1. Just to be sure I understand the filter: pairs with C-beta atoms under 7 Å, separated by 6 or more residues or on different chains, first member in region A:231-255 and more than 7 Å from chain B (Cβ to nearest Cβ), second member open to solvent by less than 10 Å² (accessible area, probe 1.4 Å) and acidic (D, E). Which pairs pass?
2. Looking at (1) aliphatic (A, V, I, L, M); (2) modelled with pLDDT under 95; (3) in contact with a strand residue (DSSP E or B) (Cβ under 9 Å, 6 or more places away or on another chain), find the lone condition where A:A127 falls short.
3. Being of a type outside the set (A, V, I, L, M, F, W, C) and either at the interface with chain A (Cβ under 9 Å from one of its Cβ atoms) or free of Cβ contacts under 8 Å to residues at least 60 places away in the same chain (or both) is the filter here; which residues of region B:207-222 pass it?
4. Against the definition (part of a helix (DSSP H, G or I), farther than 19 Å from A:H336 by Cα and modelled with pLDDT of 95 or more), how does A:V224 come out, yes or no?
5. Out of curiosity, is B:L219 closer than 14 Å to B:P133 by Cβ and either assigned to a helix (DSSP H, G or I) or open to solvent by 30 Å² or more (accessible area, probe 1.4 Å) (or both)?
6. How many residues does region A:191-210 hold that are outside any helix (DSSP H, G or I) and surrounded by fewer than 18 Cβ atoms within 10 Å (Cβ to Cβ)?
7. Tally the residues that are in a helix (DSSP H, G or I) and open to solvent by less than 60 Å² (accessible area, probe 1.4 Å), restricting the search to region B:65-86.
8. With the structure loaded, tell me whether B:L179 is within 14 Å of chain A (Cβ to nearest Cβ), out of contact with any Pro (no Cβ under 8 Å at 6 or more places or on another chain), assigned to a helix (DSSP H, G or I) and open to solvent by less than 40 Å² (accessible area, probe 1.4 Å) or whether it fails that test.
Number of protein chains: 2
Amino acid sequence: MIRIAVDLMGGDHGPKVIVPGVAKALERHPEIRFTLFGLEAECLAVLKNFPALLEASTFVSCEIAVSMDDKPSQALRHGRYRSSMWRSIEAVKTGDADVCVSAGNTGALMAMSRFCLRTMANIDRPAIAAIWPTLRGESIVLDVGATIGADAQQLIDFTMMGAAMARALFEIEKPTVGLLNIGVEEVKGMEEIKEAGRLIREAAMPSFDYYGFVEGGDLGKGTVDVVVTEGFVGNVALKTAEGTARQIGGYLRAAMSRTLMARIGYFFAKGAFDLLREKMDPGKVNGGVFLGLNGIVIKSHGGADIDGFAAAVDVGYDMVRNGLKSKIEHDLNLYHTRRSALAVPAVDSSSS
Amino acid sequence: MIRIAVDLMGGDHGPKVIVPGVAKALERHPEIRFTLFGLEAECLAVLKNFPALLEASTFVSCEIAVSMDDKPSQALRHGRYRSSMWRSIEAVKTGDADVCVSAGNTGALMAMSRFCLRTMANIDRPAIAAIWPTLRGESIVLDVGATIGADAQQLIDFTMMGAAMARALFEIEKPTVGLLNIGVEEVKGMEEIKEAGRLIREAAMPSFDYYGFVEGGDLGKGTVDVVVTEGFVGNVALKTAEGTARQIGGYLRAAMSRTLMARIGYFFAKGAFDLLREKMDPGKVNGGVFLGLNGIVIKSHGGADIDGFAAAVDVGYDMVRNGLKSKIEHDLNLYHTRRSALAVPAVDSSSS
């Protein structure tokens, strides 16, 4: 049995999209048991149409819904202990749930998650990992905006956590990992990336293959399973890619409606266009994973539709089923053991 | 008359693509006079097929061609004074040409340009400005990789230079300018972006409208005419967008060849697809502009085809014709005058 806490109040659409999304995920994974948090009147009105979900769930009535434009500090001030967002995170802390899923605003969700769950031992800062559709399938990119800036040790932490997540999500034994860099030779700066690369290579971890540096163009190509970068760059890259996809979608629609011939062509190729739309649909691949906290929190796109929210619940399900948290802990411990082992002879030889 | 120096040896294809590209630009702008730099045997073999270009050009035989994988330091060591790249930049320095165009490797071209032309008064660091296709037309994005990291003053310099370039390239009087940031509220860091935004707003320059912060998703949308960021982020964003366009192109090709119906549809809509391909073709919009040096250098994509190289020459032509250099100098002087004017009362009031 996998126990998932869901904040029904978040996102652009609230319970009327989230509840059917959860119901859809339950159809795929009947062994899930849900604890659902939300404002009673609004939620029960929708929930009563999903008897199977009601059967598999406990509903917890909350006093407050965090709004999509609450600042993190506001959300913490007003919503701590009593909002649906807080209480769904808290269910992970108390052990009543294995994972929490929310479509609420990212800043508030991260602030509450940090405050409630705290960072893991050996981890300075949490990261948000995005699942990135690529020509080869999917990759994981982190951090996409939990914090700004990262030193070498933080990039190494992101590497360990991302690799563990790839093993849990893609069910592969040895994912490949790259550090995002720019290809201009001999440009000064970004010593922290070079340093992180050196240390990761030295540690020769058995849990992933370190590929080296990758560039922005490698993201869509799917050159590696995990791309590691600091939050500002990761966030800009993610939004740039989403924006470029929308831009090309716009060009395509304009081109296909411009002439009669194009419209005839569109009619014949409609199946192909539907397939393309599905490929490009951000809702199909949904669920940012908060890593580095004492508990797993999944952030759904605020604008996700029913399928999108169900996909985010699926990600949470996979993370629990495949033991993400213990994988991260194991790898972090192994890394620090290896580092100490590497450090000792280095000191010995220099002092001899 | 506009005088353009061209390095015939750069790029993936060398003179056999660059020479026809230059010839094409000449057809559009017969008033250009070219000075062409390259290895004699290789270049003259191609040039002899373009009598009109020969007529409008002086060919200067050089001893060395900088290779596409030379490191900047190698290129400077071996190619200074005698490579086609160096000599085409030098023609701008000596005043024999108004602008230089090269498809050579970016690192070497920037290193040589800095060394030969030096940065302008009041400018610490040069920037590379890219022309970015958007849903609304085109925008300018800088820096896309000349240097890594930028403090508030450097971001302000980029802003002034980018706005001047927008006026020269788009021939608009008051372009809009935004600073690239991430939308997560209250995240610590990036004080330099906030500081730059504050100072730019305060200066209330008559040469552009300061829009405020923009995000990665605004790049493809074309929210502003000029997007300012430091080189690492700009480079990752540029390559991510190009990669995403290739990725979607890949999806589209796969979708359109999958079924008979799709292939029939493709046949009817071929004109529309050609239009789309043209929109997405990075060669149509080509020419990174080096800003902040005592002279203008245009960097063509290494992989540009004949049309692509001609487009890069066009950019150089527009920059000269519309007085880019004097626009930048004028705006920088105005900004520094305003800053001093703003600074004086501030000091007065605090000491009173």
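The values are calculated or read from the model by the stated rules, or taken from the named source; none is laboratory data. What you see is a predicted model; the values in this text were computed from it and never measured. Here the Cβ positions follow ideal geometry from the backbone for every residue, glycine too, while neighbour counts run over all protein chains shown. Note: areas computed on protein heavy atoms with side chains; ligands, DNA, RNA excluded. Shrake-Rupley method; radii C 1.70, N 1.55, O 1.52, S 1.80 Å.
1. A:G231/A:D143; A:G234/A:D143
2. Single failed check for A:A127: (2).
3. Going residue by residue through region B:207-222, those that are of a type outside the set (A, V, I, L, M, F, W, C) are B:207, B:209-212, B:215-218, B:220-222.
Across region B:207-222, the qualifying residues are B:D209, B:Y210, B:Y211, B:G212, B:E215, B:G216, B:G217, B:D218, B:G220, B:K221, B:G222.
4. Details: part of a helix (DSSP H, G or I): no; farther than 19 Å from A:H336 by Cα: yes; modelled with pLDDT of 95 or more: yes.
Spelling it out, it is not the case that A:V224 is part of a helix (DSSP H, G or I), farther than 19 Å from A:H336 by Cα and modelled with pLDDT of 95 or more.
5. Values: closer than 14 Å to B:P133 by Cβ: yes; either assigned to a helix (DSSP H, G or I) or open to solvent by 30 Å² or more (accessible area, probe 1.4 Å) (or both): yes.
So B:L219 passes the test.
6. Quick first cut of region A:191-210, residues outside any helix (DSSP H, G or I) only: A:204-210.
Checking the rest, the ones that are also surrounded by fewer than 18 Cβ atoms within 10 Å (Cβ to Cβ) come to A:204, A:206, A:209.
Residues flagged as outside any helix (DSSP H, G or I) and surrounded by fewer than 18 Cβ atoms within 10 Å (Cβ to Cβ) within region A:191-210 amount to 3.
7. Looking only at region B:65-86, we keep the residues that are in a helix (DSSP H, G or I), and these are B:72-79, B:84-86.
Remaining after also requiring open to solvent by less than 60 Å² (accessible area, probe 1.4 Å): B:72-73, B:75-76, B:79, B:84-86.
Result for region B:65-86: 8.
8. On the way: within 14 Å of chain A (Cβ to nearest Cβ): yes; out of contact with any Pro (no Cβ under 8 Å at 6 or more places or on another chain): yes; assigned to a helix (DSSP H, G or I): no; open to solvent by less than 40 Å² (accessible area, probe 1.4 Å): yes.
In short, no.
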